[in-house]
Amino acid sequence: MASFDVIVIGGGPAGYVCAIRAAQLGLSTAVVEKDKLGGVCVNIGCIPTKALLHSAYALNLINHDAKALGIEVSGVKGDYGVAMKRSRQVADQNSKGAEFLMKKHKITVLRGTGVLQPGKKVKVGNDVHDATKAVVIATGSRVKGIPQIGLEINKTSVISSDEALFLEKAPSTLAIVGAGAVGSEFADIFNAFGTKVTLIEALPRILPVEDAECSEVIAKSYRKRGMTVLAGAKVQKATVGTAEVTLEVEAGGKVETVTVEKVLMAAGRAVNTEDMGFKEAGVQLTDRGFVKVNLATLETTAPGVYCIGDVAGPPMLAHKGSREGVFVAELVAGHTPHPIKYDNVPSVTYCHPEVASIGLTEDQCKEKKLDYQVGRFPFSANGRARASLETDGFVKIIRDKKYGEILGAHIVASHASEMIHELGVARENEFTVEEVDLMIHAHPTLSEAIAEACLDSMGRVMHI
Amino acid sequence: MATKVVMEALSPTMEEGRLVEWKKNEGESVAVGDVLAEVETDKAVMELVARSAGTLLKQLVAAGATVPVSSAVGWIGQPGENVDGGSPATKTSTVNGERSTGQTPPAATAAPATTPPAPAAPPPTRPAAQPPSSPAPQPSDRVKASPLAKKIAGERGVDLGAIAGSGPEGRIIKRDLDAVRGETSDVRRTIESPLTSHVSPLTPFVDTPLSQIRKTIAKRLALSIGPIPTFYLTAEVDMERVAEAREALNAAAGDQGKVSFNDIVLKAVATALQQHPACNAWWQDDHIRYWQSVHLGMAVAVEDGLITPVIRDAQTKSLRQIAAETRDLAGRARERKLAPAEYTGSTFTVSNLGMFDIEHFTAIINPPEAGILAVGSIAQIPSAVNGEVQVRRRMRMTMSCDHRVIDGATGAKFLKTLKMLLENPLALVW
């Protein structure tokens, strides 16, 4: 039995970041991890999919744009197995990086499954460790199927991202159930590797949490690339075989039969709250199954036990979890961290083109009956985008009509994920559309479109 | 690298200090926390302690010298280091003056210069003390506000100088303007409100932005009378029942601590202030700080002046506790043995000259407090009781009120409660 100031259960992007910050603040810290450090994000999530998406990007570039760019190619062939192996190397590198960071900050890594015990204790294997200041739950989430409609993950014909990331070759046909960020990214990847993809979303449009205009651009782009996009579609029945799955999909009053080699389940995730002693230690859950926390302190119903990341509630995003980790570490160390602004967490989908957003969508502004003004700028009018053949997409700024507050910003662009932060900084500091325009944007850049969209919202766009 | 030893602000009002005696000689080794010298402040003789370890290399001022706060008095470093003339490359362990940020005991903090990583305060109590990183705004020409807040304020005609900011470093953000209007911002309030709550029972005080009417009252009245626009309210109290109660208590108490009239007045004032928080407040130039707890100052005459020791959380204390505490504080005040924490941070003061047979007087407000009660002697006065003239023991008390904080009716209501409590002393234990 060992004693630490802080014990973090789970070494994903919420947990290991929390541990680093706690160690920086002089607390003796341990992280409990049953698998690889870095969690889902590093090993079977964010990082390896980005590697595969880059392969998909290169394939699309070569197949569609090489000729126009003055490059003659022949015999172009995608090999998913090779791309997959590279993605594994990238994931392993990052996981090792997390291990190194634990050593660097003198954080003890306890290997095994952490089981919470009453009174700020954590059992790992046969050892019970004591946390003098705090236990932080960062146990994350996992993939889930929909057994109700016969789509239980069997890891062969009905798979999740966990299996998709380890396939040796791309299936010839694939249905993806759920067109949020995960489903849309895999659709992009497999389409590039020659799979015939059917993307099925129950809500009325793909990327349902993004602004409707963004969904539209991506749906159009996907259809152009030969994917079947079924939005507002419900899987009524699934017949699961070993080499084939048949889905009956109802959309717009019509029932379609889709027969595919594999089905990829990407409709939501389940949080990891079972068999870890939560109930016995006094950690209660919400109606939706997340750990119940005091939103001001992220403390659970058990005193001295905190919860961060996916398991603490939506949005289930790595960067939201990391921020919560820093917050809790500072709180436990006796500091007064700035409150987390949950309405200023960027959301990014890394399909091609990328979709990135922050703040409210236009529909949400309507629902809230806000008095707003929209400004837009298409990349077809942006010099840099034209030069690099990346004219798909736009910047959309929604500002408050009276004061110019940036209520929401939505970008569809080849590098939207890198561009959204300008607007995050603006919102964090309450800059209005005027200040964003006043910042001199380098020319030629994609970011000029942000300034133009701000100007457009004020009725004085320059380059259209 | 050698570290400068500076004259620290050992009391909130201290501007200079007299180095009474060095406790460490040049060349002697010192550890953090060692007493380096004794320093006489405006209020008491205090200890100047080492903020870094090493050897006291140099004493820059001789015993008996008076130097301003923050100026160097010596050097600590490694033997052999050259510090003559105070090389500019070295860093000073300056005292920080965190006195205006209201942390729980509202008292002078004994200047933490190099704070070690603070041992964690139990997190659950953390959010209430104050909004994150928003120290009480210092008067300054530059108003820190976000561009959005400036636009909203400009449009609504709100004076940003009159608003307390809750953003980083006290920056005014949209939320602060919504608060002025009583609006709610649509950011997840559930998350933010506990951190910035103005009503949590854990908060030691409530900062209330000035309303326009309050600002106008403050400005106009200050013009007509000095920096503190004071007015006075006098009430005469029948002290017969207090006298009876006191005799009974003291007869029962025997030798173990008698209760004075003043103790009973203090107890009554604390109870009345609890019921009239509007009088338990500090004028803070751009806002009013209403204290949740009564920290009662009591003026004590000392050899060369006056000092006001503080009975903290007086509203929670019994008469017996108050009596014991006043005896102890007054005694040590006369010997000049009070620590700054014991004579600072009061929220209301009582001054009693009854023992000098003063029938009635007015007292000067001790800023930033908003009120002080001047208590006169108890005299036998013919008085009408139930239509008959009787000789009764009566006492006059006069409250000086800062009109920027307390209006006539506000002060009068407080005095009425106080009079009721003294005329029915059983109410003090009810």
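The values are calculated or read from the model by the stated rules, or taken from the named source; none is laboratory data. From a predicted model like this one, the values you see are computed outputs, not experimental measurements. Glycine gets a Cβ as well: all are built from the backbone with ideal geometry, and neighbour counts include every protein chain shown.
Looking at B:S351, B:S383, B:S377, just one residue is touching a Gly at 6+ places or on another chain (Cβ under 6 Å) and either part of a loop (DSSP other than H, G, I, E, B) or assigned by TED's automatic domain parsing to the domain that holds B:V237 (or both), and that residue is B:S377. Residues that are of a type in the set (D, E, K, R) and more than 11 Å from chain B (Cβ to nearest Cβ) within the range A:305-337 comprise A:D310, A:K320, A:R323, A:E324, listed in sequence order. May I ask you to list the residues in the range B:366-388 that are of a type outside the set (A, V, I, L, M, F, W, C) and surrounded by fewer than 15 Cβ atoms within 10 Å (Cβ to Cβ)? Within the range B:366-388, B:P367, B:Q380, B:P382, B:N386, B:G387, B:E388 qualify. In the condition set (1) more than 13 Å from every other protein chain (Cβ to nearest Cβ); (2) modelled with pLDDT of 95 or more, A:R288 is compliant with all but (2).
The criterion of being out of contact with any Phe, Trp or Tyr (no Cβ under 7 Å at 6 or more places or on another chain) and part of a helix (DSSP H, G or I) holds for B:A270. Scanning the range A:338-353 for residues that are of a type outside the set (A, V, I, L, M, F, W, C) and more than 7 Å from every other protein chain (Cβ to nearest Cβ), we see that the one that is nearest to A:T391 (Cα to Cα) is A:P353. Flag: A:A409 does not match the condition of being more than 29 Å from B:K144 (Cα to Cα) and in contact (Cβ under 8 Å) with a residue 24 or more places away in the chain.
Go through the residues of the range A:47-65 one by one and say whether even a single one is without any contact (Cβ under 8 Å) to a residue 40 or more places away in the chain and among the small types (G, A, S). Scanning the range A:47-65, I find at least one residue that is without any contact (Cβ under 8 Å) to a residue 40 or more places away in the chain and among the small types (G, A, S), so the answer is yes. If you scan the range A:111-143, which residues turn out to be surrounded by 15 or more Cβ atoms within 10 Å (Cβ to Cβ) and among the β-branched types (V, I, T)? Within the range A:111-143, A:T113, A:V115, A:V122, A:V124, A:V135, A:V136, A:I137, A:T139, A:V143 qualify.
The set of residues in the range B:144-171 that are touching a residue at least 24 places away in the same chain (Cβ under 8 Å), on the phi < 0 side of the Ramachandran plot and touching a Ser or Thr at 6+ places or on another chain (Cβ under 8 Å) comprises B:L148, B:A164, B:G165, B:S166, B:G167, B:P168, B:R171. From the list A:A296, A:A281, the lone residue that is buried (at least 19 other Cβ atoms within 10 Å of the Cβ), within 14 Å of another protein chain (Cβ to nearest Cβ), touching a residue at least 24 places away in the same chain (Cβ under 8 Å) and part of a loop (DSSP other than H, G, I, E, B) is A:A296.
The condition of being in a helix (DSSP H, G or I), modelled with pLDDT of 95 or more, surrounded by 19 or more Cβ atoms within 10 Å (Cβ to Cβ) and away from chain B (no Cβ under 14 Å) holds for only one of A:A356, A:A385, that being A:A385.
One line per residue, one yes/no per condition, for (1) over 27 Å from the mean Cα position of the chain (by Cα); (2) within 30 Å of A:E274 (Cα to Cα); (3) in a helix (DSSP H, G or I):
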position	(1), (2), (3)
A:S55	no, no, yes
A:R88	no, yes, yes
A:G119	yes, yes, no
A:K123	yes, yes, no
A:V135	no, yes, no
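Could you list, in sequence order, the residues of the range A:1-28 that are in contact with a strand residue (DSSP E or B) (Cβ under 8 Å, 6 or more places away or on another chain), of a type in the set (S, T, N, Q) and either closer than 12 Å to A:V326 by Cβ or within 14 Å of chain B (Cβ to nearest Cβ) (or both)?
A:S28
Of the helices (runs of 4 or more DSSP H) entirely within the range A:405-464, those holding at least 2 residues that are within 14 Å of chain B (Cβ to nearest Cβ) and buried (at least 17 other Cβ atoms within 10 Å of the Cβ) occupy A:416-428, A:433-438.
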